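S.K.: Questions regarding the structure given below will be posed in turn.
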Amino acid sequence: MALDLSTLYVVAGLGMLVAGLIHLIPVSTGRFGTWAALWGSGHLVVGCGAIIAVLNDRIGISWAPNIGNPIAVMGYALITAAVMRFDRAEIRLTPLLAITGLLAAPTLICSDAEHFHLRVAYLSVIRASFDIVVVTVAIRLARRESLQTAWIVATLFAITVPLFLGRGWLAYEDRIGVRLTGMHDDLGAWLAAGQIAFIIFRAFSLLILQAERGQNALVAQLERDPLTGALNRVGFNRIAVDLAGGTSRLTAMMLDIDRFKALNDTYGHAAGDAALRSLTNIIHVAIDKKGYLARWGGDEFVCLLPNVGIDSARATASVIERRFADAMIGYGLTKAGPSVSIGIVEGGATCAIADLVVLADQAMYAAKADRRRQPDAGIKVLGAVGAGW
C-alpha cells in the first residue's frame, strides 16, 4: 500500500507549529521557564522545516536544501536542549549549540541533487543522536525525581532511534528515491511514517512532565516539613499506611535533641534551626534508602526502618549520635552543647505502628534519663515487641 508522505509531512508540520505556539504562549506570561521557550522554538523550527520540504518537492525552491536542512538540525538541537534544561535549570547549553553548528555546517554547502540520499542519511543519524541524548536525560529524570511520565518520554524518543537509523541506512544505500514527499510504498516510507507519528505524539510530552512535577511539588508541600525537609505527620501517616502489613518487621527510632531550649535561649532560634537541619541531614545520610524520617514535633524526629533489625538500627543510631556531636563541635558548641537521645524498638505482627512509635518515644525518654546520670548513654534499646502486625 502506498503512503502519501506529503500529507503526513504537512500534518506533522502543522502539529509542531501548534505545539510550538502552545508552549511559547505561557512563556510570554512567565508561567514556564526557558525549557518551554526552547521546546516551543524547536518545534516551530522543525515544523517550518517540514513545510519547506513539502513546498520544495511540489514547486521547487532553490534555497530549500541549504536553508531547510540546517533549520532541521537546529530545531532538533533546541528540542534536546529543552529536555536538558527541564532536567537541570542551571545547565550550560553553549557546548550543545556549538556542536549543533558543526553538525549543521555540511548541510549548508551540500545541496546537489545527486547527494540527496546522503543528506537524508546524514540528517537521520543526527536526529537519532539527539533522540538518544533525550532518552538518557529522561531516564535520569525518572530515576532522580520519580517522574513516571519521564519513562513515557524516554520510550517515545527511544522508539524513533531505530526508525531514524533504519531510514538512514536505506538512504545511504540509495533505496529511498529522490523525493522526501509524494506517494511511496517502500520500507523507507513506512519508517518515515513511523517517525512522523511518534514525533507528533511526543510534541506535548514535556507539558505532561511539568504537570507531574508540579503535582509532586504540591504533595511535597503537603507532606514535608518546610524547615528540615523531613516528612511531617501527614507524610508519616501515608508511609505508615503503606508499610502496615507489607513487611515482616519494622524498627522505629525516636530521636530528640537534648538541651534544645537552652540552645535557642543562648544562641537564638537561628542556631536552633541550624541544629534541626543538621540533624535531619545526618539522619538522611545514615539511613540512606533503608527507611523514612519524619519530624514528629519541635526537636523530635521518628524513623521507620522496614526490614531492619535491632543490631543494625543501633549501629545506625550510634553513627547519628557521633556525627551530630561532631557537627555541634563544628558550630563551636563544645561544652554542655546539644546532643541527641535515641530510643529504638522493633515490632512484629501484633504491634501496630502507632504503638511502636509510642514505645520508641518511651525508650527515647529513658535514654534522656540515662544521659543525665551518664553523659555517654544516649541510646536506649527496648528490643523486639510482638510478633508482627
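S.K.: Explain nothing, just compute: Karplus ³J(HN,Hα) = 6.51 cos²θ - 1.76 cosθ + 1.60, θ = phi - 60°, for every residue of the stretch 197-212 in order, whole Hz, x for Gly and Pro.
M.R.: 4, 6, 5, 5, 4, 8, 4, 10, 5, 5, 5, 5, 4, 4, 4, 5
S.K.: Same structure again: Rg to Rh ratio, the stretch 3-218, alpha-carbon atoms and Kirkwood radius?
M.R.: Rg/Rh for the stretch 3-218 comes to 0.97.
S.K.: Over the chain, calculate the relative contact order: mean separation of alpha carbon pairs under 8 Å at least 6 apart, over the residue count, as a percent.
M.R.: Taking the mean separation of contacting Cα pairs over the length of the chain, I get 13 percent.
S.K.: Take Met253, Met328 and order them by how many other Cβ atoms sit within 10 Å, fewest up front.
M.R.: Ascending Cβ contact count within 10 Å gives the list Met328, Met253.
S.K.: How high is the relative contact order of the stretch 136-287, in percent, counting Cα pairs under 8 Å that sit 6 or more residues apart?
M.R.: Relative contact order of the stretch 136-287: 17 percent.
S.K.: So, in nm, how far is label Asp265 from label Thr94 when the simple model puts each one 7 Å beyond its Cα toward the Cβ?
M.R.: 5.5 nm
S.K.: What is the antiparallel percent of DSSP beta bridges lying wholly in the stretch 193-322, to the nearest 5?
M.R.: Looking only at bridges with both residues in the stretch 193-322, the antiparallel portion is about 95 percent.
S.K.: Less than 14 Å from a label point 7 Å out along the Cα-to-Cβ axis of Thr29: which backbone N atoms in the stretch 187-223 qualify, by residue?
M.R.: none
S.K.: Return Leu97, Leu209 ranked ascending by Cβ neighbour count within 10 Å, so the fewest neighbours appear first.
M.R.: Leu97, Leu209
S.K.: Still on this structure, please answer the following. Kindly state, to the nearest 0.05, the FRET efficiency for Leu21 paired with Ala197, given R0 = 22 Å and r defined as their beta-carbon distance.
M.R.: Taking R0 as 22 Å, the efficiency between Leu21 and Ala197 is 0.55.
S.K.: Using only helices, what value at 222 nm comes out for the chain when you add -39,500 (n - 2.57) per DSSP H run of length 4 or more and divide by the total residues, to the nearest 500 deg cm²/dmol?
M.R.: -23000 deg cm²/dmol
S.K.: Let me ask something else about it. Can you tell me how much longer the chain between Val319 and Gln362 gets when fully stretched, taken as 0.36 nm per residue apart minus their C-alpha distance, in nm with one decimal?
M.R.: Extending this stretch completely gives an extra 13.4 nm.
S.K.: Go through (i) 62, 52, 43; (ii) 93, 46, 34; (iii) 81, 46, 35 and flag the label whose value is the computed Cα extents along the principal axes in Å for this structure.
M.R.: (ii)
S.K.: Farthest toward the dipole's positive end in the chain, which of Pro26, Leu276, Thr7, given Cβ charges of +1 (Lys, Arg) and -1 (Asp, Glu) about the Cα centre?
M.R.: So the residue we want is Leu276.
S.K.: Subtracting the Cα-Cα distance from 0.36 nm times the residue separation, let me have the gained length for Asp242 to Leu207 in nm, one decimal.
M.R.: 9.6 nm is the gain from fully extending Asp242 to Leu207.
S.K.: Could you sort 255-264, 128-137 so that the peptide with the highest average Cβ count within 10 Å comes first and the rest follow in order?
M.R.: Going by the mean number of other Cβ atoms within 10 Å, highest first, we get 128-137, 255-264.
S.K.: In whole Å and largest first, what semi-axes does the C-alpha gyration tensor of the stretch 1-58 yield when each eigenvalue is scaled by 5 and square-rooted?
M.R.: Output for the stretch 1-58: semi-axes of 28, 10, 7 Å.
S.K.: Output the direction-averaged projected area (hull surface divided by four) of the convex hull of the alpha-carbon atoms of the stretch 225-385, in nm².
M.R.: Directional mean of the projected Cα hull area for the stretch 225-385 stands at 8.6 nm².
S.K.: Using the 10 angstrom Cβ neighbour count as an exposure proxy, how do Glu145, Glu321 rank, fewest first?
M.R.: The most exposed by this proxy come first: Glu145, Glu321.
S.K.: Can I ask one more? Suppose the chain between Lys290 and Ala217 were pulled fully straight at 0.36 nm per residue; how much longer would it get relative to their current alpha carbon spacing?
M.R.: Residue separation times 0.36 nm, minus the Cα-Cα distance, leaves 24.0 nm.
S.K.: Would you mind calculating the relative contact order of the stretch 221-346 from Cα pairs under 8 angstrom and at least 6 residues apart, reporting the percent as a whole number?
M.R.: 36 percent
S.K.: Output the Cα-based Rg and Dmax of the stretch 186-283 in Å, rounding Rg to one decimal and Dmax to a whole number.
M.R.: Values for the stretch 186-283 (Cα only, Rg and Dmax): 23.9, 81 Å.
S.K.: Please figure out what share of the DSSP beta bridges in the chain is antiparallel and state it in percent, rounded to the nearest 5.
M.R.: The answer is about 75 percent antiparallel.
S.K.: Next up: List the residues, sorted by chain then number, that are 5 or more residues from Gly348 or on another chain and whose placed amide H is less than 5 Å from its amide H.
M.R.: Val385, Ala387, Gly388
None of the figures in this text is laboratory data; all of them are computed from the coordinates on show. Everything quoted here is computed from the prediction, not taken from an experiment. Glycine also receives a Cβ, built like all others from the backbone with ideal geometry; neighbour counts cover every protein chain displayed.
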